[in-house]
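Inspection log for the structure reproduced underneath, given as structure tokens.
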Amino acid sequence: MKINLVMIVKNEERSLRRCLEAAKPLVDEILITDTGSSDRTVEIAKELGARVFSFPWVNDFSAARNYALEQSDADWNLVLDADEYVRGYSRKELESALKGRSGLWLGGIIRYDDYPDGEGVSTSSSILPRVLPRSVRYTGTIHEQPDTDYPCYALSLEVDHDGYMVADKGERNLAYLQQAVKDFPADAYYQFQLASTLRNLGRLKEALSYFRRFYRNSEKKDAYRPGGVVLYLYTLLDLGEMFHLDEAGRIIEKEESHMGNWTDFCFVCGLFYMKRVLSDVGRYLTLLPNIERSYLKCLALGEHPELGGVVGTGSFKAAYNLGAWYEVSGQKDLAVKYYRMAAEEGYAPAEGRLREL
């Protein structure tokens, strides 16, 4: 079995060495397609033993990906970006996983994304189809996806990603996404990606209109939809006007029957009920038990990075919010219990509250 690492790059000297050193033990060859670097990217790639090709940038990520894949003669191609770093994983484990299924399929990696959250750095996980059989190519000008109906099965291959910590990445993608939405106005996936990018840039009111379009146009079978619904809810809560909370309430009521066993959905529900009660205590007092119920369900469901979502919503973040709720409601013993639970996982805000109590 031959496995190659296939990448497209441009001006990635910040992270490329770390990326290649982590992935090199898993692959037979490293194939790098450069789309116009002006820094030391190409030099670093060659130092790490990569074969380097050039492809003129044509404002189409799939075109570049597909050119890069055409250079590979491997049975399987591992596709990474330069700001992604494989965690400890052996070639033997990868081969065993790939031989463990028959037929044609896509291997999903578990990617952990670090991103600034206003209080520091949070981490979310997602499953991405990145281990591709020889014949598979890409479609889409940006946020490109494998152009196939082959099923995707998660591997135990984990990757760290720090690209969202780089300030200019969202701005770079914005123009491509705006054009994609213009070219494909009925495509809910592009609407979701544009909404998410605008949200990450702090442009919440603009993001909201695209979240609404995504929500109208997406289907429940779409793999990206649950994450999009949760981000839509967070955007409504962040905007925080009464009519935004009304809209969030309608979405939660509509989605609870089929998203109610996903930790991230339960977590945002807990935040919603807190904001709803505080918006008009007299009117919404009956919702108080829903706050506790939401976070307890998060803890009961636990952490499942293979399902995607924010790390901590099934553990320390939920425990901390429970502690905060018990503290403000005068239940000090329970507050200490859940703050301690969060603190034992190294969550600094919980450590601070315990010192205060």
| Just one of 269, 298 is surrounded by 14 or more Cβ atoms within 10 Å (Cβ to Cβ) and either in contact with a Gly (Cβ under 8 Å, 6 or more places away or on another chain) or basic (Lys, Arg) (or both); which is it? | 298
| List the pairs whose first member sits in the stretch 170-187 and is in contact (Cβ under 8 Å) with a residue 24 or more places away in the chain, whose second member is aromatic (Phe, Trp, Tyr) and open to solvent by 60 Å² or more (accessible area, probe 1.4 Å), and whose Cβ atoms are under 9 Å apart, counting only residues at least 6 apart or on separate chains? | 170/164
| request: List every residue pair whose Cβ atoms sit under 6 Å apart, with the two residues 6 or more apart in sequence or on different chains, where the first one lies in the stretch 142-153 and is modelled with pLDDT under 95 and the second, anywhere, is open to solvent by less than 70 Å² (accessible area, probe 1.4 Å) and of a type in the set (Ser, Thr, Tyr). | output: 142/176
| Residues in the stretch 294-317: is at least one among the acidic types (Asp, Glu), modelled with pLDDT of 95 or more and assigned to a helix (DSSP H, G or I)? | no
| in contact (Cβ under 8 Å) with a residue 24 or more places away in the chain and open to solvent by 50 Å² or more (accessible area, probe 1.4 Å), is that true of residue 195? | no
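A quick yes/no check of all residues on (1) among the polar types (S, T, N, Q); (2) touching a residue at least 24 places away in the same chain (Cβ under 8 Å):
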position	(1), (2)
266	no, yes
272	no, yes
281	no, no
317	no, yes
320	no, yes
331	yes, no
345	no, yes
| message | Tell me the residue from 264, 333 that is touching a helix residue (DSSP H, G or I) at 6+ places or on another chain (Cβ under 9 Å) and exposed (fewer than 14 other Cβ atoms within 10 Å of the Cβ), please. | response | 333
| field | Listing of strands (runs of 3 or more DSSP E) fully contained in the stretch 16-97 that carry 3 or more residues being open to solvent by less than 60 Å² (accessible area, probe 1.4 Å), touching a strand residue (DSSP E or B) at 6+ places or on another chain (Cβ under 9 Å) and at pLDDT 95 or above | value | 29-34, 76-79, 84-86
| Within the set of pairs 6 or more residues apart or between chains, which connect a residue that is touching a residue at least 24 places away in the same chain (Cβ under 8 Å) and among the hydroxyl-bearing types (Ser, Thr, Tyr) inside the stretch 199-218 to a residue that is open to solvent by 30 Å² or more (accessible area, probe 1.4 Å) and assigned to a helix (DSSP H, G or I) with Cβ atoms less than 8 Å apart? | 218/189
| task | Kindly list the number of the only condition in (1) assigned to a strand (DSSP E or B); (2) closer than 22 Å to residue 69 by Cα that fails for residue 136. | result | (1)
| Considering 255, 241, which residue is of a type in the set (D, E, K, R) and open to solvent by 50 Å² or more (accessible area, probe 1.4 Å)? | 241
| query | Which of the residues spanning the stretch 234-264 are under 18 Å from residue 195 (Cα atoms) and either touching a residue at least 60 places away in the same chain (Cβ under 8 Å) or in contact with an Asp or Glu (Cβ under 9 Å, 6 or more places away or on another chain) (or both)? | reply | 236, 244
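For the stretch 121-141, which residues satisfy the criterion of being without any contact (Cβ under 8 Å) to a residue 40 or more places away in the chain and closer than 30 Å to residue 347 by Cα?
128
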| query | If you check residue 126 against the conditions, is it part of a strand (DSSP E or B) and open to solvent by 20 Å² or more (accessible area, probe 1.4 Å)? | reply | yes
| said: at pLDDT 95 or above and either part of a helix (DSSP H, G or I) or open to solvent by less than 40 Å² (accessible area, probe 1.4 Å) (or both): which single residue out of 189, 164 fits that description? | reply: 189
| query | Which ones in the stretch 167-180 are under 17 Å from residue 235 (Cβ atoms) and surrounded by fewer than 21 Cβ atoms within 10 Å (Cβ to Cβ)? | reply | 170, 174
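The values are calculated or read from the model by the stated rules, or taken from the named source; none is laboratory data. All figures in this text were calculated on a predicted structure; none of them were measured in a lab. Note that we place each Cβ from the backbone using ideal geometry, even for glycine, and neighbour counts take in every protein chain shown. Calculation scope for accessible area: heavy atoms of the full protein, side chains included, ligands and nucleic acids excluded. Shrake-Rupley method; radii C 1.70, N 1.55, O 1.52, S 1.80 Å.
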